[in-house]
Structures are given as structure tokens and as C-alpha cells.
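The structure under discussion appears below in the form of C-alpha cells.
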Amino acid sequence: MDIPKRKLGRTGEWVTILGLGGEGVLRSFGHEKEAYALINRALDLGITYCESARAYSGSESYYGKALKERRREVFLTSKSHARDREGALLHLQETLKNMATDHLDLWQVHDVRTGEEIDEIFGPGGAIEAFITAKKEGMTRFIGVTGHHDPRIIQRCIGIFPFDTVLLPVNPAEPARDSFIDTVIPLAQEKQMGVIGMKVYFRGLAEKLPWYGGMEPFLHFALSHAITTAVVGCDTLRHLEENAAFAHSFRHLSDEEMQELIAETAPFAQQLMYYKP
């Protein structure tokens, strides 16, 4: 049975509701054998969205070595944390070389946190110039932005530039703060952007919560919102296969079920989201 797919906003691309993130064992060095097996198993399971970042240790190189003739099977993405045009273009050259491809399907401005960064990225000589050039020259098909610290910053970003996608946190701890779910997702929908979820397991902390009884409800919580895919970093083949099973069995949670998860998470929200009240 195939993992369900959803359309990635106005890109028109259809990708699986579970994506392979660039963290977990992929955010490492010296684990080529494990990374090769994980990436190819993800493709065998039908996962089509694969993500990395220039900042993720050897992740990009692992993809380059593993994909080879399977490159066309995936919607391949990476990110640059450079804030200037020259630095971003250097990152892209490294990314394409590491991933053994002549283009990305999606290249993302990585982890925007402050107004000062916005000024750098969108100012003269800023990183956004590199992203525009990359799209014009066919080095990326689409352009995205990511963030998980302040939803107001990401709202500003997508108000300044017509990004194709946004990557943001989606989990039951979000409503306890200035929530990306309540603010950025509706705006992205208005702009017909593809919305990609991350941190669905609170960076792996979900299993440490007092009521822990399985990760599946957290993935289903994320996918019950208006997102296209949820990216998950995996440490082992078992983790990957469990998540694929969760995606296969996805059912849309009721409002009551989602509120129960939010209420159960609320006492730990500050710890889980790393924010100050």
C-alpha cells in the first residue's frame, strides 16, 4: 500500500505525507553504510520527499552517494543558512556537488530568526538574490523559507517574497506559545504555498513525556493540519519503518482528539519548545 500524497501548494508537485528529514543518523559523519541503507529503504517504502541542509554535517553527501540512479524518484530539497548572495551561491555549489545532482527541486532559506536577518537576506547583496538567480538558471525549481523560533518573523518573510513553500513546526506544544499553526499556516494557505511540517516529535522528546505510549498520535496530529508533508529524521531503519507505518495508517484526528493532545502537552510546552514565557 502506497503512502498517501498531497499537493505541495502552487508548485503542483505531489509528494508523500511523510518526508525523510536530514537529521537523525543523516546528520553525522562516518556513518555511510547506515545512511545508504536508510535512504534507499525510504525510497523502497515509497517516500518521495527527501530533505537536507548545508548545515547538517554529512547529510547532503549521504544523499549524493545513496541516490545515484534513483535521483528522479525523489523531490530533493536542501537549505542554506547564508544571509548574503555570495555565501548562499557558494553553499549551493557545495550542495549540488555533494548531492550529485545538477539541480534541487526545492532550495530553502534556512532558519530565519530575527529582523536583522531579514534585513540581510532581503537587502542589497542579500541571500535572496542568490535564490532568484538559482531559479532563473535552473539550479532549483522552487524556493522556500524555514523557521521555528518566531512566527512573526516567518510571516514577514512570506510577505516580502513570493516563496513557494514554508517549513515550520507542527505539534501539540505549539498552541501554548505564539503559534505557527494559528498564524503562519493560514497566511501560507492564502498565498497557496506548500506547507511542510517539522518538529512533530519535539526533536525526539515525545518519547520522554510521562504519558508516552507511542509516537503515532503526534504524526497524525501534524498531518491533521493543512500541511503537505511532515519531515522526520530517523536514527535507524526501525524508526523509519515505524514512521512509514504511521503514515500508512493516518486518519484525520477530530478536534476533540487534538485538544486532548494539546492539553496533555501544555504542562511541558516550555521545555519541549525551548522558549521563555
Subject >> Net charge of Cβ neighbours under 13 Å - reference ALA266; Lys, Arg +1; Asp, Glu -1 >> reply: -2
Original post:
So between THR133 and LEU43, what do we pick up on full extension, going 0.36 nm a residue minus the alpha carbon distance?
Top reply: 29.4 nm
Original post:
Taking θ as phi - 60°, what are the ³J(HN,Hα) couplings along the range 214-230 by the Karplus curve (6.51, -1.76, 1.60), each to the nearest whole Hz, with x for Gly and Pro?
Top reply: x, 8, 3, x, 6, 5, 5, 4, 4, 6, 7, 9, 7, 10, 8, 8, 10
Original post:
Quick one: if you stick a label point 7 Å off each Cα along the C-beta vector at ASP182 and LYS97, how many nm between them?
Top reply: 4.7
Original post:
Taking 0.36 nm per residue of separation and subtracting the Cα-Cα distance, what length does fully extending GLU32 through GLU116 add?
Top reply: 26.5 nm
**OP:** Answer with one residue from MET193, GLY64, GLY9: the one whose Cα lies farthest towards the positive end of the charge dipole of the chain, charges on Cβ with Lys, Arg +1 and Asp, Glu -1.
**Re:** GLY64
Original post:
If amide H atoms are built 1.01 Å from N in the plane of the peptide, which residues on other chains or at least 5 residues away come under 5 Å of the amide H of GLY22?
Top reply: GLU51
Original post:
Using θ = phi - 60° and the Karplus form 6.51 cos²θ - 1.76 cosθ + 1.60, what ³J(HN,Hα) does each residue of the range 103-111 get, whole Hz, x for Gly and Pro?
Top reply: 7, 9, 7, 8, 10, 10, 6, 8, 6
Subject >> For the chain, size of Cβ-based charge dipole, Lys and Arg +1, Asp and Glu -1, in debye >> reply: 540
**OP:** Would you calculate, for the chain, the mean residue ellipticity at 222 nm contributed by helices, counting each DSSP H stretch of 4 or more residues as -39,500 (n - 2.57) and dividing by all residues, to the nearest 500?
**Re:** -12000 deg cm²/dmol
Original post:
In whole Hz, what ³J(HN,Hα) sequence does the range 86-98 give by Karplus (6.51, -1.76, 1.60; θ = phi - 60°), x for Gly and Pro?
Top reply: 4, x, 5, 5, 5, 4, 5, 4, 5, 4, 4, 5, 4
**OP:** List the residues whose amide H sits under 5 Å from the amide H of VAL170, counting only those 5 or more places along or on another chain, with H placed 1.01 Å from N in the peptide plane.
**Re:** MET198, VAL200
Original post:
Using modelled backbone amide H atoms (1.01 Å from N, in-plane), which distant-in-sequence or interchain residues come within less than 5 Å of GLY126's amide H?
Top reply: ARG85
Original post:
ALA245 versus GLU73, label points 7 Å from Cα toward the beta carbon: distance in nm?
Top reply: 2.2
Original post:
How do SER28, SER61 rank when sorted from fewest to most other Cβ atoms within 10 Å of their own Cβ?
Top reply: SER28, SER61
Original post:
Among the lysines, which have Cα under 29 Å from the Cα of LYS7 when same-chain residues fewer than 8 positions away are ignored?
Top reply: LYS65, LYS68, LYS79, LYS97, LYS135, LYS136, LYS191, LYS199
Subject >> Of PHE246, THR165, VAL232, farthest towards positive along the dipole that unit charges on Lys, Arg, Asp, Glu beta carbons give the chain >> reply: THR165
Original post:
What residue among THR114, THR16, THR48 has the largest mean-square fluctuation in a Gaussian network model of the chain, using Cα springs under 10 Å?
Top reply: THR114
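Laboratory data are not the source of any read-out in this text; all were calculated from the coordinates shown. Every value quoted in this text rests on a predicted model; they were computed, and no experiment measured them. Every residue, glycine as well, gets a Cβ built from its backbone with ideal geometry; the counts of neighbours run over all protein chains shown.
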